[in-house]
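Note sheet for the following structure.
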Amino acid sequence: MDASQGSRVVLITGASSGIGKACAELLVARGHVVYGTSRQPPAVEARGFHVLEMDVTRDDSVQGAVDAVLSREGHLDVVVNNAGYALAGALEDVSLDEARRLLDTNLLGVLRVCKAVLPSMRARRSGLIINISSLGGVVGLPFQSMYSASKFALEGLTESLRQEVAPFGIQATLVQPGDVRTRLTENRVQALQSGPGSVYRERFETALRVIEAEERAGVPPEDVARRVLEVMEDGAVRVRYSVGKVAQRGAVLAKMLLPSRTFEQLVMSLYGLSRS
Ligand SMILES: NC(=O)c1ccc[n+]([C@@H]2O[C@H](COP(=O)([O-])OP(=O)(O)OC[C@H]3O[C@@H](n4cnc5c(N)ncnc54)[C@H](OP(=O)(O)O)[C@@H]3O)[C@@H](O)[C@H]2O)c1
């Protein structure tokens with residue numbers, strides 16, 4: 001069967017809410033066999049997709065979930081690396097532990113999942129890995145430095161991975177959403193040192209108000225799910241696909257075209273910030 005056709009076995013990390021859940025529901029509705037993961041799976045399976053326990057920060061948990069899919073289905077066609085969260089606060093206020101926890105989920109979580117799925121994909125000489133990046137993986141977002149760092153790193157990881165696995169018939173790609181209305185906003189961790197007493201507090205609060213308002217006015221997660229489906233149906237998978245409001249998608253182009261300080265000024269003004 002052509003890899004772009006027919007029912008495929010899909011694993012989606014972080015499918016308990018937001019983008020992951022929307023992807024799982026859409027792909028099931030399109031006839032795919034979907035396994036979604038959560039650190040705390042519900043007792044009953046939701047909306048027709050299978051739910052597996054997986055904490056992407058634990059090697060054994062990742063391997064266990066991947067093994068469960070392989071033993072039930074015999075193979076895995078598509079992986080959507082989606083699990084992740086946001087960390088906010090001035091870089092100076094972020095502790096090393098807070099940064100490590102974020103990178104362990106958003107970046108090393110992807111590494112763990114890739115290492116678990118690639119052997120079986122290589123053996124079949126077929127597979128597609130879709131990594132959910134962010135506009136924050138292209139543009140450094142103020143007061144979200146470690147989140148941006150995790151997504152910039154994911155961009156590099158994916159560009160490299162693509163070139164390594166292509167000879168084995170495996171494709172990898174990035175989906176870059178702008179702001180999306182999900183629980184990411186409520187689940188955002190604020191650096192402990194970023195509270196009252198931080199020298200950055202006032203500017204951080206100004207930027208955070210914009211960040212949260214933009215996310216709440218963002219596109220629905222179903223838009224990202226439709227993009228993921230398009231990627232799955234694309235025969236020759238591109239390096240990256242953006243999704244979101246036109247103005248936000250345009251930021252990627254603006255970054256390429258504008259002088260760097262002009263673009264930076266634009267980003268700062270969008271977040272209510274100035275250089276002084
Ligand atoms: N919302 C946006 O504006 C936006 C924009 C660009 C990119 N993104 C990216 O989209 C992805 C999904 O975020 P979302 O917006 O859908 O947020 P969300 O509603 O908060 O969902 C996050 C998902 O990640 C899972 N998760 C978190 N930590 C995990 C861990 N250690 N192991 C396994 N699963 C974990 C959660 O599952 P459990 O808690 O059940 O384990 C949950 O299902 C993230 O990578 C995020 O960076 C979001």
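Given charges of +1 on the Cβ of Lys and Arg and -1 on the Cβ of Asp and Glu, with all other atoms neutral, how large is the dipole of the range 174-276 about its Cα centre, in debye to the nearest 20?
Values: 16 positive and 13 negative charges, 61 e Å.
I would put it at about 300 debye.
Overall shape: prolate for the range 9-245, with the ratio a/c of the largest to smallest alpha carbon gyration tensor axis at 1.5 or above and a/b above b/c.
Oblate is the label for the range 180-276. Its Cα gyration tensor axes, ordered a ≥ b ≥ c, give a/c of at least 1.5 and b/c at or above a/b.
Just subtract the alpha-carbon distance of Asp60 and Arg30 from 0.36 nm times their residue separation and send over the number in nm, one decimal. Don't skip to the answer; put the middle values down first.
Details: separation 30, 0.36 × 30 = 10.80 nm, distance 3.10 nm.
Length difference between fully extended and current span is 7.7 nm.
Between Leu258, Leu174, Leu161, the GNM of the chain built on Cα springs shorter than 10 angstrom shows Leu258 fluctuating the most. Subtracting the Cα-Cα distance of Arg39 and Asn187 from their residue separation scaled by 0.36 nm leaves 51.9 nm.
Extending 7 Å from Cα along the Cβ direction at Glu164 and again at Arg122 yields two label points whose distance is 1.0 nm.
For the chain, what is the charge dipole size about the Cα centre, in debye to the nearest 20, if Lys and Arg each add +1 at the Cβ and Asp and Glu each add -1 at the Cβ? Intermediate values should be presented prior to the final figure.
Values: 32 positive and 31 negative charges, 86 e Å.
About 420 debye.
Estimate the FRET efficiency between Leu266 and Ser71 by the formula 1/(1 + (r/R0)^6), using the beta-carbon distance for r and 45 Å for R0, to the nearest 0.05. All intermediate terms of the calculation are to be shown ahead of the outcome.
Working: r = 51 Å, r/R0 = 1.14.
E between Leu266 and Ser71, to the nearest 0.05, is 0.30.
The relative contact order of the range 113-162 comes to 29 percent, based on Cα pairs under 8 Å that sit 6 or more residues apart.
Within the range 245-266, what residues put their amide N at less than 19 Å from the label point 7 Å along the Cα-to-Cβ vector of Glu230? What the label zone holds, given the 19 Å backbone N cut-off, is 245-254. The residue among Val110, Val56, Ser126 whose Cα reaches farthest toward the positive pole of the charge dipole of the range 1-154, with charges on the beta-carbon of Lys, Arg, Asp and Glu, is Ser126. Cα axis of helix 260-270 to longest principal axis of the chain: angle in degrees, 0 to 90, nearest 10? Taking the Cα atoms of the chain, the angle to 260-270 is about 90 degrees. Between helix 108-124 and the chain there is an angle of about 30 degrees, using the helix long axis and the longest principal axis of the Cα atoms.
Counting Lys and Arg as +1 and Asp and Glu as -1 over every other residue whose Cβ lies under 14 Å from the Cβ of Thr185, the net charge comes to 0.
For the residues Pro177, Pro41, Pro119, a GNM of the chain with alpha-carbon springs under 10 Å puts the largest fluctuation on Pro119. Calculated FRET efficiency, Glu202 to Glu222, Cβ-Cβ distance, R0 = 30 Å: about 0.25 to the nearest 0.05. Taking 8 Å as the Cα distance limit and 6 or more residues as the minimum spacing, I'd like the relative contact order of the chain as a percentage. Dividing the mean separation by the residue count of the chain yields 20 percent. Taken about its Cα centre, the range 79-151 carries a charge dipole of about 680 debye when Lys and Arg each add +1 at the Cβ and Asp and Glu each add -1 at the Cβ.
Ignoring lysines fewer than eight residues from Lys21 along the same chain, the ones with Cα atoms less than 27 angstrom from its Cα are Lys115, Lys151, Lys245. Report summary: the helix-based calculation at 222 nm, which adds -39500 (n - 2.57) for every DSSP H run with n ≥ 4 and divides by the residues of the chain, gives -15000 deg cm²/dmol.
Extension gain Arg249-Glu214, at 0.36 nm per residue separation less the Cα-Cα distance, in nm? Show your work: numbers first, answer last.
Values: separation 35, 0.36 × 35 = 12.60 nm, distance 1.38 nm.
Extending this stretch completely gives an extra 11.2 nm.
Each reported figure results from applying straightforward, stated rules to the coordinates on display, with no laboratory input. The model shown is predicted, which means the values in this text are computed figures rather than measured ones. Positions of Cβ are generated from backbone atoms using ideal geometry, with glycine treated the same way; all protein chains shown enter the neighbour counts.
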